[in-house]
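Shown next, in structure tokens, is the structure this report addresses.
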Amino acid sequence: MARTEAAYLDDAYLSTLEARVLAHEGERGIVVDRCNFYPAGGGQPGDTGSIELGDGRQIAVTDTRYGEDRAAIVLHLGDGDLPAPGETVVLHVDWPRRYKMMRMHTALHLLTVVCPYPVTGAAVGEDESRLDFDLPDADTDKDEVTKALARLVAENHKVFTRWITDEELDANPGLVKSANVRPPRGTGRVRVVAIGEDGGVDSQPCGGTHVGETQEIGEIHVAKIEKKGRTNRRFRLRFGRLPA
Ligand SMILES: [Zn+2]
């Protein structure tokens, strides 16, 4: 069974990585031995970009997905002859797109600090991201939330990951902010994304990609707070200043 080493988990800044093709998957998919492309999951879309073959040819990567068993990562390729298993290729992530995802994704973590309510849904996007909260009262003010976010960004807290055991997670149920998604089990360890000294600003299980310091998020604002059902509030984040 093909297994891919998820290199993006250890270093989210690997825009380029050399890898070996292990197998073909479906019509246009290849499985590689290690991967800097993020596979779609946790509300964050799969990475796009290109692969570079030994002869210099480039083939577009249109999407990145987990294989069925989640052990393999599959790069979905555009037009061109697929590289054969055993071939070495260079994986180039569409970095401007992915870096925006990292900034947005980290901003969503900060939003759960400013708005400490159970999260019922999340989606990371290049231009807009959203978080759904189980929050009956609609008195949350988007200007105040935007200001609180800006403060956390400007304080430039470091963002880092650590691994804890399933038992440690069980002993700290407050780490899980999602009301309906449990962190994946089975490997005996859980990846925690921490913000601030010793994770003092925030700590939560997450398998996504994040920036190294909150200042990298840059200017961001709450564009909209929508009512989606009786107890559900949807917060939409966008880059740039809050429009006057
Ligand atoms: Zn995350």
Exercise for the section: Filter the strands (runs of 3 or more DSSP E) completely within the stretch 40-96 down to those with at least 3 residues that are open to solvent by 10 Å² or more (accessible area, probe 1.4 Å). Expected result: 49-52, 58-66, 88-93
Completion exercise
Heads up, the strands (runs of 3 or more DSSP E) in the stretch 155-235 (entirely inside) with at least 2 residues that are surrounded by 15 or more Cβ atoms within 10 Å (Cβ to Cβ), touching a residue at least 12 places away in the same chain (Cβ under 8 Å) and hydrophobic (A, V, I, L, M, F, W, C) are 159-165, 189-195, 220-227
Exercise for the section: Go through 227, 177 for me and flag whichever is out of contact with any helix residue (DSSP H, G or I) (no Cβ under 7 Å at 6 or more places or on another chain) and charged (D, E, K, R). Expected result: 227
Practice task
Provide a single number: the residues in the stretch 97-124 that are assigned to a loop (DSSP other than H, G, I, E, B), over 17 Å from residue 39 (Cβ atoms) and in contact with a His (Cβ under 6 Å, 6 or more places away or on another chain).
Solution key: 0
Problem - Residue, most open to solvent (accessible area, probe 1.4 Å), within the stretch 7-25, restricted to residues that are under 18 Å from residue 40 (Cβ atoms) and touching a strand residue (DSSP E or B) at 6+ places or on another chain (Cβ under 6 Å) - result: 25
Problem - Residues (open to solvent by 60 Å² or more (accessible area, probe 1.4 Å) and hydrophobic (A, V, I, L, M, F, W, C)) located in the stretch 133-154 - result: 138, 154
Handout entry: Every residue from the stretch 101-115 that is open to solvent by 30 Å² or more (accessible area, probe 1.4 Å) and either closer than 11 Å to residue 178 by Cβ or touching a residue at least 40 places away in the same chain (Cβ under 8 Å) (or both)
Key = 103, 113
Handout entry: Close pairs (7 angstrom Cβ cut-off, 6 or more residues apart or separate chains): without any contact (Cβ under 8 Å) to a residue 40 or more places away in the chain in the stretch 67-93, part of a strand (DSSP E or B) anywhere
Key = 80/59
Completion exercise
Picking from 93, 32, the residue that is over 17 Å from the mean Cα position of the chain (by Cα) and either closer than 30 Å to residue 220 by Cα or more than 16 Å from the ligand (Cβ to nearest atom) (or both) would be 32
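The values are calculated or read from the model by the stated rules, or taken from the named source; none is laboratory data. Because the structure is a prediction, the values reported are computed rather than measured. Heads up, the Cβs are rebuilt from the backbone with ideal geometry, glycines too, and the neighbour counts pull from every protein chain shown. Heavy atoms of the whole protein, side chains included, go into the accessibility calculation; ligands, DNA and RNA do not. Shrake-Rupley method; radii C 1.70, N 1.55, O 1.52, S 1.80 Å.
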